[in-house]
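For reference, the structure I am asking about is given below.
Here, each number is a calculation from the coordinates, and none is a lab measurement. Since we're looking at a predicted model, the values are computed, not measured. FYI the Cβ positions are ideal-geometry reconstructions off the backbone, even for glycines, and counts take in every protein chain you see.
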Ligand SMILES: [Zn+2]
């Protein structure tokens with residue numbers, strides 16, 4: 001699926017209700033915030049660690065939105081009680097989400113940087129969210145950014161490997177992932193989760209499988225529980241139910257580090273079958289074309305974050321070419337990337 005425009009009336013109604021769930025709770029800021037009954041920072045009180053759960057940065061990805069609503073509802077009805085700390089749930093791109101579109105003007109997942117244009121929908125939203133994150137900076141403990149994929153149904157942890165706080169995070173997270181994907185900012189400027197880097201706290205995205213995977217919501221729920229745990233938020237009571245299958249350790253986990261962003265020129269299309277996360281491309285192989293231009297892998301690489309069936313409008317990259325690392329530890333420390341511009 002490429003640009004998934006769901007115009008089925010029932011689906012749009014559900015999306016509107018879910019978007020309203022967030023907008024109905026807009027108070028001083030356009031986000032759901034739940035904490036242990038204390039006002040933020042009131043009277044110098046330490047409100048405890050604050051975990052931010054971002055969802056719907058891509059408007060066509062519904063599973064994480066559903067998962068975070070279940071968590072907030074569990075807090076609302078008392079099934080889940082926060083003992084220490086706060087949780088914010090942020091709907092990243094409400095306008096696109098209501099329409100069932102990935103984006104309105106551009107990829108919201110590349111808009112979180114200083115100086116982003118506020119002439120575009122996603123830029124304005126990113127500025128609002130960045131101002132909000134700044135307002136909670138003293139308690140910010142962790143940012144998780146929930147996504148799903150158009151390609152293979154795997155669970156992937158996506159993180160800036162230049163953020164030292166993510167090294168500890170990788171040790172803390174349960175080994176449920178099929179793929180760890182470390183990027184550098186030069187390749188993924190404006191990722192929502194990368195806001196954490198400037199505040200010295202962990203930030204990462206979780207890909208919870210394919211958009212319509214029967215496991216996606218459960219994976220999202222479990223990922224959010226892990227985010228609360230890693231961020232130090234304490235809670236008691238019933239965490240919203242999730243399928244225990246998604247908590248099982250993965251028997252394998254590939255470590256991929258970005259080497260090159262694949263820039264989609266006009267008419268871009270992949271020419272290899274079965275594109276998706278983890279597909280190997282041998283050195284010298286043509287893997288895509290754009291008009292008469294051919295994209296050739298300069299070195300043997302592994303493809304990540306490619307879109308199945310074409311590149312959505314507004315996409316600033318068509319995927320990434322990565323090195324496969326033997327050990328997790330290799331993600332950190334170096335940080336340098338050999339940007340082999342392998343476009344022939
Ligand atoms: Zn996404």
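Once both labels are modelled 7 Å past Cα along the beta-carbon direction, what's the residue 263-residue 113 spacing in nm?
Rounded to a tenth, the inter-label distance reads 1.3 nm.
Mind giving me the FRET efficiency for residue 243 and residue 332? R0 is 41 Å, r the Cβ-Cβ distance, nearest 0.05 is fine. Mind dumping the intermediate values first?
Numbers: r = 32 Å, r/R0 = 0.78.
With a Förster radius of 41 Å, E is 0.80.
Helix 216-231 versus the longest principal axis of the chain: what is the Cα-based angle in degrees, 0 to 90, to the nearest 10?
Computed tilt is about 70 degrees.
Now a separate question. At 0.36 nm per residue, and after removing the present C-alpha to C-alpha distance, how many nm does the segment from residue 83 to residue 325 gain when stretched out fully? Walk me through the numbers on the way to the answer.
Details: separation 242, 0.36 × 242 = 87.12 nm, distance 3.93 nm.
Residue separation times 0.36 nm, minus the Cα-Cα distance, leaves 83.2 nm.
Turning to a different aspect of this structure: Mind checking which of 326, 207, 122 has the largest fluctuation in a GNM of the chain, springs on alpha carbons under 10 Å?
326
Over the Cα atoms of segment 188-344, what is the Rg over Rh ratio if Rh follows Kirkwood? Before the final figure, lay out each step's value.
Details: Rg = 18.1 Å, Rh = 18.0 Å.
Taking Rh as the inverse mean 1/r over Cα pairs, Rg/Rh reads 1.01.
OK, next. Between residue 20 and residue 168, what FRET efficiency comes out of the Förster formula 1/(1 + (r/R0)^6) with R0 = 41 Å and r the beta carbon distance, rounded to 0.05? It would help to have the intermediate numbers written out before the result.
Details: r = 38 Å, r/R0 = 0.91.
Efficiency for this residue pair is about 0.65.
Given contacts defined as C-alpha pairs under 8 Å and at least six residues apart, what's the relative contact order of the chain, whole-number percent?
Value for the chain: 19 percent.
Picking from 169, 180, 325, which is most flexible by a Gaussian network model of the chain using Cα springs under 10 Å?
Comparing 169, 180, 325 in the GNM, the peak value goes to 325.
Between 0 and 90 degrees, rounded to the nearest ten: what's the tilt of helix 63-76 against the longest Cα principal axis of the chain?
Roughly 10 degrees, rounded to the nearest 10.
Counting other beta carbons within 10 Å of each Cβ, put 289, 225 in order, fewest first.
289, 225
Further, regarding this structure: To check you understand DSSP bridge types, tell me what percent of the beta bridges within the chain (both residues inside) are antiparallel, rounded to 5. Please list the in-between numbers first.
Values: 33 of 60 bridges.
Beta bridges within the chain, antiparallel portion: roughly 55 percent.
Quantify how much of the Cα-Cα distance distribution of segment 129-203 extends past 19 Å, in percent.
Numbers: 1012 of 2775 pairs.
Tail fraction, whole percent: 36.
Still on this structure: Quick one: 320, 252, 332, 112, fewest Cβ neighbours within 10 Å first, how do they rank?
252, 332, 320, 112
With a 10 Å Cβ neighbour count serving as the proxy for reagent exposure, in which order, fewest first, do 224, 130 appear? Numbers along the way, then the final one.
Working: 224 27, 130 18.
Ascending Cβ contact count within 10 Å gives the list 130, 224.
Here's a follow-up. Would you kindly give the portion of the calculated P(r) for segment 8-247 that falls above 23 Å, as a percent of all Cα pairs?
That tail contains 44 percent of the Cα-Cα pairs.
Full-extension gain between residue 282 and residue 73, please, as 0.36 nm times their residue separation minus the C-alpha to C-alpha distance.
Details: separation 209, 0.36 × 209 = 75.24 nm, distance 4.82 nm.
Once the chain is fully extended between residue 282 and residue 73, it gains 70.4 nm.
Return P(r) of segment 256-343 (all Cα-Cα pairs; 10 Å bins starting at 0; whole %; ordered from short to long distances).
Spelled out bin by bin, segment 256-343 gives 17, 52, 25, 6, 0 percent.
Among 91-102, 262-273, how do they line up from the highest to the lowest mean number of other beta-carbon atoms within 10 Å? It would help to have the intermediate numbers written out before the result.
On the way: 91-102: 23.0, 262-273: 14.6.
Most protected by this proxy first, the peptides run 91-102, 262-273.
What does the helix-only formula give at 222 nm for the chain: each DSSP H stretch with n ≥ 4 adding -39500 (n - 2.57), the total divided by the residues, and the result rounded to the nearest 500 deg cm²/dmol? The partial results should precede the final answer.
Working: 7 runs with 78 residues, N = 344.
So the calculated ellipticity at 222 nm is -7000 deg cm²/dmol.
Using a Gaussian network model of the chain with C-alpha springs under 10 Å, which one of 11, 51, 302 is most mobile by mean-square fluctuation?
Between 11, 51, 302, it is 11 that shows the largest mean-square fluctuation.
Below 8 Å between Cα atoms, with a sequence gap of 6+, how large is the relative contact order for segment 55-182 in percent?
It comes to 25 percent, rounded to a whole number.
Same structure again: Using Cα atoms only, what is the angle between the long axis of helix 9-23 and the major principal axis of the chain, expressed in degrees (0 to 90) to the nearest 10?
On a 0 to 90 degree scale, this one is about 50.
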